[in-house]
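Novice: Just passing along the structure, written as structure tokens.
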Amino acid sequence: MTQHSFPPGSTIGILGGGQLARMLCMEAKRMGYRTVVWTGGLEAPAMALCDEVIEHPFDHAEGIARFAEMADVATVEFENIPRTTLEAVAARVTLRPGAHAIATCANREQEKTFLRQQSIPCAPFWIVSSNEELAIAMAELAGPGVLKTSAFGYDGKGQKKLTGGEDPQQVWQEFSSPRAILEGFIEFQAELSVMIARNPAGQIRCHDPVENHHRHHILDLTIAPAQVAPEIRQQAIEIATRIVEAFDYVGIMGVEFFLTTEGTLLVNEMAPRPHNSGHHTMDACVTSQFEQQLRAVCGQPLGSTQLMTTAVMLNLLGDMWPGVEQSPDWSVIFEDASSALHLYGKKRAIERRKMGHATFLGDDAKARAESAKASLLAKGRDFSAL
Ligand code: AMP
């Protein structure tokens, strides 16, 4: 019989060892849970915080066996895990969310097809696997669009913006991905996201929707709560609720939206795990997204999502470091008494790498975050040319 709830003292298996796993391990430790992190052999910020590490590649039979043996219940910190591994893990240990939900969110084609099947609003899209199909899709779209790889796309990687006037054959040849989707280009007034959690008893709780701003296609600032009409925030929560119910989902999910210039919400992406745009919850909410993931995955009642104060999260990317191995002067954050600095322990500050984040609390949080960002960037290394 499936065990539904796992008390403190149980071991949580985490597939992936990045910063999301690291922050999950910190919460787990606080709450008396043990953790085993399967890094896949990559540089793993979670290694310093977990109880056990597995470094095999994600398709390694011994890795699966050791992981399943050590973990009482398993979850993911990123979705690009081979489906066969997810299924092999799920056959031996309770995996939350389930392999189907994780694999669907990992593949844009399956993700968008799921949204269409559920009649959940998203950008118009076409599945494309040849230059002929791209030609048909571009003709039907008849306007600007974004071509995106089906798999392994994140932070704007594997994407090409199209005006609609290009030669499909040349575009397809240069894109060099076996499968892709062509999406209509959305004119939006804002990008929003919501963190939603569901536990095995079907209890659902949502953190307040937030507003996201990007820099070089990577999340830059998250503003909580989103500065949009209450009806829009409510709609975002309703759509996210339909998504987790349709998956019979257990765990936490980040749902990203475009708020179009006409005021309609369209789902852009779903992340079957904690999300960068939920980091402010660690300092600004009663329950952080990581504690909520643990509560959901361990079959516990969910925590309050109440936002206790306005918050702005600033991502600290590698370009804010004066040198690849030379840290910024953090006094710019510390001098702000209502800020919290989070660093992920990564050694080399490659320009686009997420090195940490800082949360600013209070009514003027956005201005303070912008000012800290400007001083960090002024002493960092510009990569706008990349
Ligand atoms: P994604 O990796 O799909 O989240 O895309 C990264 C960013 O590219 C998004 O946050 C948007 O700013 C932009 N973007 C992606 N798809 C579209 C679209 N269909 N229309 C307009 N902007 C888009």
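Novice: Based on the mean of other beta carbon atoms within 10 Å per residue, what is the order of 44-57, 268-281, most packed first?
Specialist: Put in order of decreasing packing, that is 268-281, 44-57.
Novice: Could you give me the percent of Cα pairs per 10 Å distance bin for segment 124-184, shortest bin first, beginning at zero and ending with the bin that holds the maximum distance?
Specialist: 26, 63, 11
Novice: Using only DSSP helix segments of four residues or longer, with each worth -39500 (n - 2.57), what per-residue ellipticity at 222 nm results for the chain after dividing by its residue count and rounding to 500?
Specialist: After summing the helix terms and dividing by residue count, I get -9000 deg cm²/dmol.
Novice: Using mean Cβ contacts within 10 Å as the protection proxy, how do 124-134, 21-31 order, highest first?
Specialist: Sorting 124-134, 21-31 by mean packing, highest first, produces 21-31, 124-134.
Novice: Write out the GluC sites (Glu not before Pro) in segment 179-223 meeting two conditions: DSSP loop, and at most 15 other Cβ atoms within 10 Å of their Cβ.
Specialist: Glu187
Novice: Sorting Phe114, Phe188 on the 10 Å Cβ count, fewest up front, what's the list?
Specialist: Least crowded to most crowded, the residues run Phe188, Phe114.
Novice: Using the Cα centre as the reference, give the magnitude of the dipole from point charges on the C-beta atoms of segment 11-95 (Lys, Arg: +1; Asp, Glu: -1; all else neutral), rounded to the nearest 20 debye.
Specialist: Dipole of segment 11-95, to the nearest 20 debye: 220 debye.
Novice: Additional query: Pairs to check: Lys29/Lys157; Lys346/Lys373; Lys161/Lys379. Give those whose C-alpha atoms are more than 23 Å from each other in this structure.
Specialist: Listed pairs above 23 Å: Lys29/Lys157; Lys161/Lys379.
Novice: Give, in whole angstrom and from largest to smallest, the semi-axes √(5λ) of the equivalent ellipsoid of segment 11-95, with λ running over the eigenvalues of the Cα gyration tensor.
Specialist: 18, 14, 10
Novice: Suppose a student asked you for the relative contact order of segment 188-385, using Cα pairs under 8 Å spaced at least 6 residues apart; what percent would you report?
Specialist: Over segment 188-385, the number comes to 20 percent.
Novice: Right, next: Using alpha carbon coordinates only, what is the Rg to Rh ratio of the chain, with Rh defined as the Kirkwood radius?
Specialist: 0.96
Novice: For segment 22-39 and segment 296-350, what is the separation of their C-alpha centers, rounded to whole Å?
Specialist: 18 Å
Novice: Given that compact globular proteins tend to follow 2.2 N^0.38 Å, what is the ratio of the alpha-carbon Rg of segment 221-338 to that value?
Specialist: 1.25
Novice: Mind ranking 198-208, 158-168, 139-149 by how tightly packed they are, going by the mean number of other C-beta atoms within 10 angstrom, highest first?
Specialist: In decreasing order of mean packing, 198-208, 158-168, 139-149 become 198-208, 139-149, 158-168.
Laboratory data are not the source of any read-out in this text; all were calculated from the coordinates shown. This structure is a prediction, so every number in the text was calculated from the model and none was measured. So basically every Cβ, Gly included, is an ideal-geometry build from the backbone, and we count neighbours across all protein chains shown.
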